[in-house]
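Inspection log for the structure reproduced underneath, given as structure tokens.
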Amino acid sequence: MYSEKVMDHFTNPRNVGDLENPDGVGEVGNPTCGDIMRIAIKVEDNIITDIKFKTFGCGAAIATSSMVTEMAKGKTLEEARVITNKNVAEALDGLPPNKMHCSNLAADALKLAIDDYLAKAGQVG
Amino acid sequence: MNTVKKVYLDHSATTPIRAEVAQAMMVAMTEQFGNPSSVHSFGRAAKKALEEAREQVAQLIGAQPGEIVFTSGGTEADNLAVIGTAMANRKKGKHIITSSIEHHALLDSCKWLEKNGFEVTYLPVDSNGLVRVEDLMAALREDTILISIMHVNNEVGTIQPIEEIGKIARDKGILFHTDAVQSVGKIPVDVNELQVDLLSLSAHKIYGPKGVGALYIRKGTRVEPRNFGGGQERKRRPGTENIPGIVGFGKAAELARINLPEEQKLIILRDKLIDGLLERIPDCQLNGDREKRIPTNVNVSIRFLEGEALLLSMDLKGIAASSGSACTSGSLDPSHVLLAMGICHEIAHGSLRMTLGRDNTEEDIDYVLDELPAIVERLRNMSPLYCCEKAAQCEVKEMCQNV
Ligand SMILES: Cc1ncc(COP(=O)(O)O)c(C=O)c1O
Ligand code: FES
């Protein structure tokens, strides 16, 4: 039921783990199924230089977390902030319809991490 | 070559068809293809095959052949049992008692009845997944017309006190149905010992074909049909009979009866698997009563991880199992059975069911026990809930109290 890309990101997730002294952290719970995702970022000169995730959730949730970190790494905050769950799902060659909500988790966690950074940096995002 | 070993541990979902069963079905398809209602020799051959199968199924549960109605499976048998008896007895009363851990085939039949003027009491279960007879006694009413409690639960494998309930129902003159889809072929099932009036069966859980089952209806019990048409199955289930399926079911029933003592051997494998998991995986708990449990069921919750991710990882190693996680269910609700047992959402999320079958070996169990700890470790390291040594004081605890 999952695409090859999803299975690839599930079996070899990119950027798993925690960051020491992250500049921003976003954590979201999925109201639909109760899953949780956390994304931590390092920011230098407005660019996301490092990013890590941890996810408690299904295969799609893990794959979308992995994909969103890959998409955001090296991007400016503005570029990263506009990544949507649809972009993530497309980059994974699609998700089964009942799994689309899992990709919301990833895009939302990234946005929250960026907002957290901006708030800490004193600029409300 | 890198061929992955395959271990099938999902026999409560379905079983492979046995060679003898497939052979009997082949004969039914090619030689006994007549319509059993026809007068000619072709029809008579099919009719003979049908009645033989009816005898085989009846024998498996200690019933008379005339008390067996073939259906399209366990689901239809449950639907017919509950709705058919409720409708036939609606002038006597409107109250039905069932449990909160029944299969959806039964729960959804009850929902339909509730929309149609009946009242249903859903008995709770204890933390081991067992219905308490006291709760049943307390729920009885003057207008109770039917009690339906499953013999064995499909998720946690717990064996319910059906004999005791049967006795109470008989004393009170209330009809009693049990869903024996998951018990038959694994533990003894005898309609007279259990004192049931109706009992559901499904062929594909006992190494028979999918899409065929039966409802046992004790002689003299009134059931309103749900299908309308010809006079087949004494008008209780009209429609030209699925002869290949029924013949396969009959053969599977015969083999299940003969091989019942062998099922006991699976207890050794089951216990090895349970003990091995509890020993090798930290923060792992058994779901469901350890003793009152069929020989084939293992159900554990592995904390701090999610069942679907676990199943995918196991599948990559060739191990087939199932989970009560919300992420594996189409509805995105976690298992209603685990929730009814008082298990919190997060722990239900990490539930893993492995159900054994006659072809499983000790090597299969060793393989699972060797592979699983690493899979669990990998997923836990990805989980924001897992804090290694600090696991005990993890935030999950608080989450659990919120549900
Ligand atoms: C307890 C129970 N009842 C009913 C059914 C439904 O049987 P069938 O798949 O034959 O419709 C199942 C199978 O999943 C079951 O486990
Ligand atoms: S995270 Fe639960 S279904 Fe995907």
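The table below gives the values:
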read-out: Space enclosed by the convex hull of the alpha-carbon atoms of the range B:34-123, per residue, Å³; value: 133 Å³
read-out: Projected label distance in nm at B:Asn381 and B:Ser127, using a 7 Å step from Cα toward the beta-carbon; value: 3.3 nm
read-out: Chain B - mean residue ellipticity at 222 nm from DSSP helices (-39,500 (n - 2.57) per run, n ≥ 4, rounded to 500); value: -12500 deg cm²/dmol
read-out: Where only alpha carbons of the range B:119-202 are counted, the Rg and the Dmax (Å); value: 12.2, 36
read-out: Using alpha-carbon coordinates, inclination of helix A:100-120 to the longest axis of chain A, degrees; value: 10 degrees
read-out: Which of B:Leu80, B:Val21, B:Leu369, positive extreme of dipole for chain B (C-beta unit charges); value: B:Leu80
read-out: Rounded to 10°, Cα long-axis angle of helix A:59-72 versus longest principal axis of chain A; value: 40 degrees
read-out: Nearest 10 degrees, 0 to 90: helix B:362-382 Cα axis against chain B principal axis; value: 50 degrees
read-out: Debye, to nearest 20: dipole size of the range B:256-306, +1 on Lys, Arg Cβ, -1 on Asp, Glu Cβ; value: 140 debye
read-out: From the C-alpha gyration tensor of the protein assembly as shown, square roots of 5λ in Å; value: 49, 25, 22
read-out: Compactness of the range B:272-316, expressed as Rg and Dmax over alpha-carbon positions, Å; value: 11.4, 33
read-out: Relative contact order (percent, whole number), chain B, Cα cutoff 8 Å, 6+ residue spacing; value: 21 percent
read-out: Only Lys, Arg (+1) and Asp, Glu (-1) charged, at Cβ; chain B dipole about Cα centre in debye; value: 1460 debye
read-out: Value of D in µm² per second that Stokes-Einstein yields for the range B:162-295, Kirkwood Rh from Cα pairs, at 20 °C (1.002 mPa s); value: 123 µm²/s
read-out: Calculated P(r) tail over 37 Å for chain B, as whole % of Cα pairs; value: 26 percent
read-out: Whichever aspartates and glutamates have a C-alpha closer than 17 Å to that of A:Lys99, once near sequence neighbours (fewer than 8 apart) are set aside; value: A:Glu4, A:Asp8, A:Asp35, A:Glu90, A:Asp108, B:Glu306, B:Glu308, B:Asp333
read-out: Spacing of the two label points (7 Å from each Cα toward its C-beta) at B:Asp190 and B:Ser41, in nm; value: 4.2 nm
read-out: Out-of-range pairs (alpha-carbon distance over 30 Å; input B:Lys111/B:Lys251; B:Lys91/B:Lys167; A:Lys52/B:Lys317; B:Lys92/B:Lys251; B:Lys6/B:Lys205); value: B:Lys111/B:Lys251; B:Lys92/B:Lys251
read-out: In the range B:283-384, trypsin sites (Lys or Arg not before Pro) in a DSSP loop with at most 16 other beta-carbon atoms within 10 Å; value: B:Arg290, B:Lys292
read-out: Sorted peptide list for B:17-25, B:213-221, criterion being average Cβ within 10 angstrom, highest first; value: B:213-221, B:17-25
read-out: Net length gained if the chain between B:Asp108 and B:Glu20 were fully extended (0.36 nm per residue, minus Cα distance); value: 28.2 nm
read-out: Translational diffusion of chain A, µm² s⁻¹ [Kirkwood Rh, Cα pairs; Stokes-Einstein; 20 °C; 1.002 mPa s]; value: 153 µm²/s
read-out: Equivalent ellipsoid semi-axes - Cα gyration tensor, the range B:276-367, angstrom; value: 21, 16, 13
read-out: Calculated FRET efficiency for the pair A:Met100/B:Gln285, C-beta based, R₀ 35 Å, to 0.05; value: 0.60
read-out: Stokes-Einstein D (µm²/s) once Rh is taken as the Kirkwood radius of the range B:1-73 over alpha-carbon pairs, at 10 °C in 1.306 mPa s; value: 106 µm²/s
read-out: Assigned charges on the beta-carbon of Lys, Arg, Asp, Glu; the range B:216-365 dipole about Cα centre (debye); value: 1100 debye
read-out: Cα-Cα separations in the range A:1-68 greater than 18 Å, expressed as whole percent; value: 40 percent
read-out: Dimensions (Å) - the range B:56-191, Cα atoms, principal axes, largest first; value: 37, 35, 28
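We did not get these values from a lab; they are worked out from the coordinates using the rules stated. All values reported here derive from a predicted model rather than from experimental measurement. Because the Cβ atoms are built from the backbone with ideal geometry, glycine has one as well, and the counts that use them run over all protein chains shown.
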